[in-house]
Amino acid sequence: MTGRSVGDVSPQSFHFDEPLPLRSGASLPAYDLMVETYGQLNAERSNAVLVCHALNASHHVAGTLAGQAKSEGWWDNLIGPGKPLDTDKFFVIGVNNLGSCFGSTGPMHVNPATGRAWGADFPVITVQDWVDSQARLVERFGILKLAAVLGGSLGGMQALDWALRYPERVSHCIAVATAPNLSAQNIAFNEVARRAIVTDPDFHGGHFYAHGVVPKRGLRVARMIGHITYLSDDVMAEKFGRELKGGALGYSTQDIEFQIESYLRYQGDKFSDYFDANTYLLITRALDYFDPASEHGGDLTRAFATARAKFLIVSFTTDWRFSPDRSREIVKALLDNRLDVSYAEIDAPHGHDAFLLDDPRYHGVLGAYFERIATSLERPAGLQLKGVAI
């Protein structure tokens, strides 16, 4: 990793009094969005990059939280001075989505209609709802057009939705390790994880806050299922193989025998200590629902007919959760519409988690693309380059 950290950062809460109409037909009353920003907005307000997060991430994208050890943002290796997304050149906005459990209004907050925590009564949220709330946030900064929207996995879906439904407000769409919709297999994984949560005796129909408990057993299993899908078989074989936890078989059906079992239980335990069960249900359902082609008879090309942005699509060869085939579907739809698209398929061993890691080829692609954007921002309006107006 090259470049420097943005250093200690402090989140900001933005309050919105205007109700947000939702795709479900419901409406969310006054709400808050938790945000972090890095770098400086230029005089033209043209250098802003919005970063959209995936399932269990947040607004804390880069830098460290003052006084907290090992508190680096989830994309700290990518964002900062001299890093691929260079905060000496760009103003970066990280936002926590509605329904999450890291500060933005969600199930843990008070429902003004009842005076109690929303719990399971929090309205179902979609990718489109998140993007609509983000659009209001961007307006709050006085930004008319984003230099780029960037996201990986579920964040990539949000970036695509920006390009589809706010075509005049985004110049570049960068979607990494994502898909135009979930496969039946992916929906199945999400459903098994959700059932693990809702069948936990401590779930109480989603109103467990009132009972002073947390459905940790369900959250642990949900995280274990998810974590398996984020890693490639090669990575699991290299890190754990069939290595035994105790060095010899214990002949137990319930105790930990293999190192991979120990690792998954550790991940599940850690996750259950900080993540909200209702948030998990909401976000996985938002993943399930995303399908822009469904409004166009299943035709993805028609879905992208309104897009005007330039695109960078990145996939990873060993990502079987969001395989390169799914990214190529997006690329084909963009090319069918004669849009400007760059595509990189990185031969990386890490599976879906590769989009969070330090692969130099991956970071090289993103760095070169952001440098291209930065260069275009430096050119005076109307400058002629090879006979083409910039």
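The values are calculated or read from the model by the stated rules, or taken from the named source; none is laboratory data. All values derive from a computational prediction rather than experimental measurement. Counting neighbours? That spans all protein chains shown, and the Cβs are built from the backbone with ideal geometry, glycine included. Keep in mind that these areas ignore ligands, DNA and RNA; they rest on the heavy atoms of the full protein, side chains included. Shrake-Rupley method; radii C 1.70, N 1.55, O 1.52, S 1.80 Å.
Taking every DSSP bridge with both residues inside segment 74-180, close to 20 percent are antiparallel.
Accessible area per residue was computed with a 1.4 Å probe on protein heavy atoms; T253 scores about 140 Å². Per residue, the accessible area of the chain comes to 44 Å² when a 1.4 Å probe rolls over the protein heavy atoms. Loop sites by DSSP among the trypsin sites (Lys or Arg not before Pro) of the chain, restricted to those with at most 10 other Cβ atoms within 10 angstrom, leave 71-241 as the longest stretch without any of them.
Computed over the chain, relative contact order equals 16 percent, with contacts defined as Cα pairs under 8 Å that lie 6+ residues apart.
Could you check how much of the accessible area of the chain is carbon and sulfur, as a whole percent, using a 1.4 Å probe? Carbon with sulfur: 52 percent of the solvent-accessible area. Across segment 301-360, the mean sequence separation of Cα contacts (distance under 8 Å, 6 or more residues apart), normalised by length, yields a relative contact order of 44 percent. Quick check: the distance between the Cα centres of segment 178-234 and segment 252-316, to the nearest angstrom? Value for the Cα centre distance between the two parts: 10 Å. The relative contact order of segment 86-187 comes to 18 percent, based on Cα pairs under 8 Å that sit 6 or more residues apart.
Taking all protein chains as they are arranged and a probe of 1.4 Å, the heavy atoms of E329 leave approximately 80 Å² accessible to solvent. Under a point spin-label approximation (7 Å from Cα along Cα-to-Cβ), what is the L249-Q185 distance to one decimal in nm? So the label points at L249 and Q185 sit 3.0 nm apart. Placing pseudo-labels 7 Å out from each Cα toward the beta carbon at V124 and E371 gives an inter-label distance of 4.6 nm. Accessible surface ranking for S24, S153, 1.4 angstrom probe, highest first: S24, S153. Modelled label positions at D299 and A43, each set 7 Å beyond Cα in the direction of Cβ, lie 4.7 nm from each other.
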